[in-house]
Amino acid sequence: MTFSPDLEARFEKLVASYPEGRTRSAVIPMLMYAQDELGAVTPELVAEVAKRCKVPPIQVEEVIGYYSMLHRKPQGKYHVQVCTNISCLLVGGEELYHHASKKLGIGHKQTTADGIFSLEEVECMGACSWAPAVEINYDFHHHVTAEKLDVLLDSLKKPQ
């Protein structure tokens, strides 16, 4: 499997940072970095990560099955995650998720037809003190209201 030179360098540095026999620890970051470049976790990627980390492919599959931030199908350019766990739920997280769903015209783990947005209802993001929380790609937004979310989503729709 071929990756960009930057990702290849990142993989080499990552694997080298673990002692011999401990490269299994590189599975999660390797999957995340590759997912960012490829758009999704593919069967070919599973085989490649297993080979590079010297683990059976089933161990890579187990990681993918456990971690919700790893996706087998491409996400939108902007992956919107809305927390609806207890702290966020108590201050409007569920309503915020429904608002996002209605505004974008998609549901849980769906992507807009133009590929710009995908939406996911998620469990705790660890931002309970700043609830309700939204994450878009790797950017966190705290104390989000429907109005703030509208402004944020509208700003991402604009050509950049």
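Read-outs throughout are calculated quantities, based only on the coordinates presented, and are distinct from any laboratory measurement. Note that the structure is predicted; figures quoted are calculated from it, not measured. Cβ coordinates were reconstructed from backbone atoms using ideal geometry, including for glycine residues, and neighbour counts include every protein chain displayed.
Over the range 1-113, what is the mean sequence separation of C-alpha contacts under 8 Å (at least six apart), divided by residue count, expressed as relative contact order in percent? Don't skip to the end; give the middle numbers.
Numbers: 86 pairs, mean separation 21.3, N = 113.
Answer for the range 1-113 is 19 percent.
Can you give the Kirkwood hydrodynamic radius for the chain, in Å, rounded to one decimal and based on Cα pairs? Intermediate results must be reported in sequence, preceding the final value.
On the way: mean 1/r = 0.0586 Å⁻¹.
Evaluated on the chain, it is 17.1 Å.
Can you compute the radius of gyration and Dmax for the range 78-157, using only the Cα atoms, both in Å?
Gyration radius and largest Cα-Cα distance of the range 78-157: 11.2, 34 Å.
Helix 57-66 sits at what angle to the longest principal axis of the chain, using alpha carbons and giving 0 to 90 degrees rounded to 10?
20 degrees
What full-extension length gain, to one decimal in nm, is calculated for residue 86 and residue 130 as 0.36 nm per residue of separation minus the Cα-Cα distance? Kindly include the intermediate steps, with their values, before the conclusion.
Values: separation 44, 0.36 × 44 = 15.84 nm, distance 1.25 nm.
This chain segment gains 14.6 nm when fully extended.
Take the alpha carbon atoms of the range 13-28, find their center, do the same for the range 79-128, and report the distance between the two centers in whole angstrom.
Comparing the Cα centres of the range 13-28 and the range 79-128, I get a distance of 34 Å.
Counting Lys and Arg as +1 and Asp and Glu as -1, each charge on the Cβ, what is the dipole of the range 1-74 about the Cα centre in debye, to the nearest 20? Display every interim value, and only then the final one.
Details: 9 positive and 10 negative charges, 39 e Å.
Its charge dipole is roughly 180 debye.
How many nm separate the modelled label positions at residue 7 and residue 58, each set 7 Å beyond the Cα in the direction of the Cβ?
A separation of 2.7 nm, rounded to one decimal place.
State to the nearest 20 debye the size of the charge dipole of the chain about its Cα centre, where the only charges are +1 on K and R beta carbons and -1 on D and E beta carbons. Don't skip to the answer; put the middle values down first.
On the way: 16 positive and 21 negative charges, 48 e Å.
Roughly 220 debye for the chain.
Towards the positive end of the charge dipole of the chain, with charges on Cβ (+1 Lys, Arg; -1 Asp, Glu), say which of 4, 88, 105 has the farthest Cα.
Among 4, 88, 105, the one farthest towards the positive end of the dipole of the chain is 4.
Counting DSSP beta bridges with both partners in the chain, what percentage is antiparallel, nearest 5? Please report the intermediate quantities before stating the final value.
Working: 8 of 14 bridges.
Percent antiparallel among DSSP bridges in the chain is about 55.
Sorted by mean Cβ packing within 10 Å, highest first, what order do the peptides 23-35, 57-69 take?
Working: 23-35: 18.3, 57-69: 14.2.
Highest to lowest by the protection proxy: 23-35, 57-69.
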